[in-house]
Amino acid sequence: MTAELDHLKSNIRRWTLVLGVLQITVGCGIGLIPPSAVAWFRGIVMAHIEFTANGVLMVVFGLLVRELRLSPTALKVWFGTLQVGTWSNGAAGVAAAFIGATSQLMPTLNEKFPPPHGTDNPIVSGSLTLCAVTILMALLLTLYGLWRDRGPGEGSAT
């Protein structure tokens, strides 16, 4: 079982790193979209920032995979929630840019840069909600997997 788990961790680590670098690349590419190509350019700025920042997060998490003490099922859930969460964050910005509408979940951005087609788009709101839930799940699983990796005597009251 240990060999299977090590193989799974190795595969998940590799794919997390590859997809993290891909996400950074996508974020940089989105940053090249000109303002005239979209209905609400702030969405492009948001997507550029979110994809690049979340790509870096994914690369860092990829480097932590070997330290996570999770079951094979929990490791797969961790990978899936990390992917869905990080990609849906930037996707919300891309959708907002092309639709020209945002979400009430972005009050400060809406106030400073009002979108032309309103602030109650279900696609943008759904993507942001999906992002929040899945990234939180990935973070909690990461903390749990790292906590379980404590060596003997660590974490005990002295």
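The values are calculated or read from the model by the stated rules, or taken from the named source; none is laboratory data. Please read all numbers here as calculations on a predicted model, not as lab measurements. We place every Cβ from the backbone using ideal geometry, glycine too, and count neighbours over all the protein chains shown. Accessible surface areas use protein heavy atoms only, side chains included; no ligands, DNA or RNA. Shrake-Rupley method; radii C 1.70, N 1.55, O 1.52, S 1.80 Å.
Reported count of residues in region 107-127, each being aliphatic (A, V, I, L, M) and open to solvent by 20 Å² or more (accessible area, probe 1.4 Å), is 2. Applying a threshold of 7 Å to beta carbon distances and a minimum spacing of six or more residues, or different chains, the list of pairs starting in region 112-129 at a residue that is more than 19 Å from ILE44 (Cβ to Cβ) and ending at one that is surrounded by fewer than 18 Cβ atoms within 10 Å (Cβ to Cβ) reads ASP120/GLN104. When region 1-18 is limited to residues that are β-branched (Val, Ile, Thr) and in contact (Cβ under 8 Å) with a residue 40 or more places away in the chain, the one that is surrounded by the most Cβ atoms within 10 Å (Cβ to Cβ) turns out to be THR16. Among the residues of region 19-29, none qualifies, meaning not one is surrounded by fewer than 22 Cβ atoms within 10 Å (Cβ to Cβ), among the β-branched types (Val, Ile, Thr) and outside any helix (DSSP H, G or I). Out of the residues in region 30-69 that are assigned to a loop (DSSP other than H, G, I, E, B) and within 18 Å of THR86 (Cβ to Cβ), state the one that is most open to solvent (accessible area, probe 1.4 Å). Filtering first and then ranking leaves GLY31.
Each row is one residue, and each column tells you yes or no for (1) at pLDDT 95 or above; (2) in contact with a His (Cβ under 8 Å, 6 or more places away or on another chain); (3) assigned to a loop (DSSP other than H, G, I, E, B); (4) open to solvent by less than 60 Å² (accessible area, probe 1.4 Å).
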{"residue": "SER88", "(1), (2), (3), (4)": "yes, no, no, yes"}
{"residue": "PHE98", "(1), (2), (3), (4)": "yes, no, no, no"}
{"residue": "ALA101", "(1), (2), (3), (4)": "yes, yes, yes, yes"}
{"residue": "GLN104", "(1), (2), (3), (4)": "yes, no, yes, no"}
{"residue": "ALA138", "(1), (2), (3), (4)": "yes, no, no, yes"}
{"residue": "GLU154", "(1), (2), (3), (4)": "no, no, yes, no"}
